[in-house]
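For reference, the structure discussed in these notes is given below.
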C-alpha cells in the first residue's frame, strides 16, 4: 500500500481547520507537489487507486494519475467515504488559533489525549479520533480481502492517513499524535496477510519534493533526532547473521555512507553519536566529513543484538543446528533467547536507556534555546527498538518497522525529553536509489 496525503490546500495555507469541509482546493504549490508525487511513482504498476471524495484529495489523485499514465496504464480511480478527513463539526473552517481560544479544554485533549477528545454535540458527545479509527478499520476490512498481492495507491488526508497507518500496523487512537503526515508525503505499508499487522516499510517521505526531511511542526522547541542505520556489509549482502561480530562496511556500504552524507550535507547537525562497532562508526565518520567541527561520540550500549551462537551463520545453518528456532524468531521474536546471546527485552532495555540519555542531553531547559538536530547511527535491531519505543510498542512488534542499510528516520521531541515523541519520517532511502521503495539489501541482523 502506497499512501499519499493531498497537496497543500488553501486552508492549509491559511492555517484553517478542514475536516469534512470541502471548501478548500489545492494551491499552485499543491498542484506542483502532486505532480512530483506522480513522477516519483512512475514505474510502479498499480492494481488499484483509491482516494477520498473531498476535492483536495481528488485533485491530487488526478494530477498523480495523469503523470503515471504517461508511461503505463492505470486503473480507474475509486473513491471511498472512509477516506474522508477526520470530522470536526464544531471547528471546520475555523483558524487553529480560534479553535484553541474558544475550546481550550477540547483543543488540549485533541493534542494530548486524542483517544478521549470529545465534542459536545446536540446529539451527545462525539469522539472524532475514535470515529476516525473506526473509519480506517472499515476501509481496510473492505479492501484487504480483495488480495494482498496487489499494489494499491491511496490518496487521502493527514489525520485519516495517520489512522490508516496506525490501524494497519496495530496502533490505537491514543497514539494518533505520535505520527506525522506532511502535504504529498508518501508512506509505504506491506501486508503479508489481510489479518496480519502491516510492516511500515517507510513513512512520511518528502525527498521526492526536494525537501529532504519533513518540516517541523509549529512551536517545536525540543531536539530533532536523525536515526541512521549503518551502510551495507558483505554479511548483510550474504544474509549471514553478524550481531556483535565486528564486520566492516563493504564497498557498497561505503557508497551508501557517502549518499547519506550528501543527503544530510545541508543539515545543521549539533551532535553525533554512534554505536562503537565498526560498521556504524565508519558510516557516521563518512557523514561527518561534511561537518568537520563535530565530535563523534561512541556509545557501547548501541551495539547490535548479540546473536550468540548464531553469529557468522546462514539461515540454513541455523535451521540445521536449532530446528524450528529460526521460524520462532520470525513469528514471535520476543520469545527467543539467542543461544549464548541476548533476547529482545535486553536489547530494548539498553537501547532505550541510551537513546533517552542522548535526547535528555539535548533537551534545553531554556524554551528560547535554538532547536538542535542530533544524529545517532546504529544497527537494525537497535533502530527498530527505538522506533517501536517511540510509538509505544514492545518487542513483539519488532518486525513492524523496516530499516534499510543507510536509511534515515526522523524523531521529533516537540518540547524535549518530557514530551511525547513524534515519528516524523521512517526509513528514508530515497537518497540511495532515487526510489520511494526501499531497494537496499538490508540482510540479516
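The values are calculated or read from the model by the stated rules, or taken from the named source; none is laboratory data. The model shown is predicted, which means the values in this text are computed figures rather than measured ones. As a convention, Cβ positions derive from the backbone with ideal geometry for all residues, glycine included, and neighbour counts pool all protein chains shown.
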Of all residues in the range 64-79, how many are closer than 25 Å to residue 23 by Cα and touching a helix residue (DSSP H, G or I) at 6+ places or on another chain (Cβ under 6 Å)? 2
Which helices (runs of 4 or more DSSP H) sit wholly inside the range 257-373 and have at least 2 residues that are exposed (fewer than 14 other Cβ atoms within 10 Å of the Cβ) and either modelled with pLDDT of 95 or more or in contact with a helix residue (DSSP H, G or I) (Cβ under 9 Å, 6 or more places away or on another chain) (or both)? 315-321, 325-331, 344-361
Just to be sure I understand, how many residues within the range 200-249 are in contact (Cβ under 8 Å) with a residue 12 or more places away in the chain and within 20 Å of residue 178 (Cβ to Cβ)? 21
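Quick check, is residue 239 on the phi > 0 side of the Ramachandran plot, in the same structural domain as residue 358 (by TED's automatic domain parsing) and surrounded by fewer than 20 Cβ atoms within 10 Å (Cβ to Cβ)? Reasoning before the result, please.
Values: on the phi > 0 side of the Ramachandran plot: yes; in the same structural domain as residue 358 (by TED's automatic domain parsing): yes; surrounded by fewer than 20 Cβ atoms within 10 Å (Cβ to Cβ): yes.
Taking the combined requirement at face value, the residue satisfies it.
Can you tell me how many residues within the range 169-214 are in contact with a strand residue (DSSP E or B) (Cβ under 9 Å, 6 or more places away or on another chain) and at positive phi?
Of the residues in the range 169-214, the ones in contact with a strand residue (DSSP E or B) (Cβ under 9 Å, 6 or more places away or on another chain) are 169, 171, 177-192, 198-208, 212-214.
From what is left, the residues that are at positive phi are 184, 204.
Count: 2.
Would you check if residue 432 is farther than 23 Å from residue 167 by Cα and crowded, with 21+ Cβ neighbours inside 10 Å?
On the way: farther than 23 Å from residue 167 by Cα: yes; crowded, with 21+ Cβ neighbours inside 10 Å: yes.
Yes: the conditions hold for residue 432.
Could you please let me know if residue 72 is within 26 Å of residue 171 (Cα to Cα) and either touching a residue at least 12 places away in the same chain (Cβ under 8 Å) or part of a loop (DSSP other than H, G, I, E, B) (or both)?
Working: within 26 Å of residue 171 (Cα to Cα): no; either touching a residue at least 12 places away in the same chain (Cβ under 8 Å) or part of a loop (DSSP other than H, G, I, E, B) (or both): yes.
No.
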How many residues, within the range 388-445, are in a strand (DSSP E or B) and touching a helix residue (DSSP H, G or I) at 6+ places or on another chain (Cβ under 8 Å)? 8
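What strands (runs of 3 or more DSSP E) completely inside the range 109-176 contain at least 2 residues that are free of Cβ contacts under 8 Å to residues at least 40 places away in the same chain?
On the way: elements: 119-121, 124-126, 152-156.
Filter on the range 109-176 gives 119-121, 124-126.
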Can you pull out every residue in the range 10-51 that is touching a residue at least 60 places away in the same chain (Cβ under 8 Å) and in a strand (DSSP E or B)? 16, 48, 49, 50, 51
